[in-house]
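Undergrad: Could you have a look at this structure, given as structure tokens, before my questions?
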Amino acid sequence: MLTPEKDNSLSLIEAARRADASEEAVRGWCLRLGIGELIDGRWRVDADKLQAVIEARRVMGRAAA
């Protein structure tokens with residue numbers, strides 16, 4: 001869970017740009033991989049977990065995740 005004390009979260013748009021992926025792809029990662037959560041109707045993506053997905057996609061190929 002993302003907490004205000006350590007909020008390193010990104011919006012869905014910010015996360016998609018950082019990952020060079022669509023918002024739909026990032027939303028799917030949030031659901032399948034648990035890298036984000038829906039807060040007050042908006043997705044917040046954990047920046048550290050997103051970076052791990054980005055790195056995994058780089059190593060395994062873009063189809064990963």
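Undergrad: In whole Hz, what ³J(HN,Hα) sequence does the stretch 46-60 give by Karplus (6.51, -1.76, 1.60; θ = phi - 60°), x for Gly and Pro?
TA: 5, 4, 5, 5, 4, 4, 5, 5, 4, 5, 4, 5, 5, 6, 9
Undergrad: Another question, then. Tell me, in nm to one decimal, what length is gained between Arg62 and Glu23 on full extension, where the rule is 0.36 nm per residue of separation less the Cα-Cα distance?
TA: Contour length minus Cα-Cα distance gives 12.5 nm.
Undergrad: Also, I was wondering about something else. Please calculate the 1.4 Å probe accessible area of Trp43, with all protein chains present, and give it to the nearest 10 Å².
TA: Spelled out: Trp43, probe radius 1.4 Å, area about 50 Å².
Undergrad: How big is the chain along each principal axis, measuring the range of its Cα positions in Å and listing the largest first?
TA: Largest first, the chain extends 33, 21, 19 Å along its Cα principal axes.
Undergrad: Taking the Cα centre of the chain as origin and charging only Cβ (+1 Lys, Arg; -1 Asp, Glu), how large is the dipole, in debye to the nearest 20?
TA: Once rounded to the nearest 20, the dipole reads 280 debye.
Undergrad: Express in Å², to the nearest 10, the accessible area of Asp46 obtained by rolling a 1.4 Å probe over the protein heavy atoms while all chains stay in place.
TA: About 20 Å², rounded to the nearest 10.
Undergrad: In whole percent, and with a 1.4 Å probe on the protein chains, what portion of the accessible area of the stretch 4-65 is carbon and sulfur? All intermediate terms of the calculation are to be shown ahead of the outcome.
TA: Numbers: 2120 of 4110 Å².
Here carbon and sulfur together make up 52 percent of the probe-accessible area.
Undergrad: Excluding ligands, DNA and RNA, what is the solvent-accessible area per residue of the stretch 23-65 at a probe of 1.4 Å, expressed in Å²?
TA: I get 66 Å² per residue for the stretch 23-65.
The values are calculated or read from the model by the stated rules, or taken from the named source; none is laboratory data. Please read these numbers as outputs of a predicted model, since none were measured by experiment. Backbone-built Cβ (ideal geometry, glycine too); neighbour counts: all protein chains shown. For accessibility, only protein heavy atoms count, side chains too; no ligands or nucleic acids. Shrake-Rupley method; radii C 1.70, N 1.55, O 1.52, S 1.80 Å.
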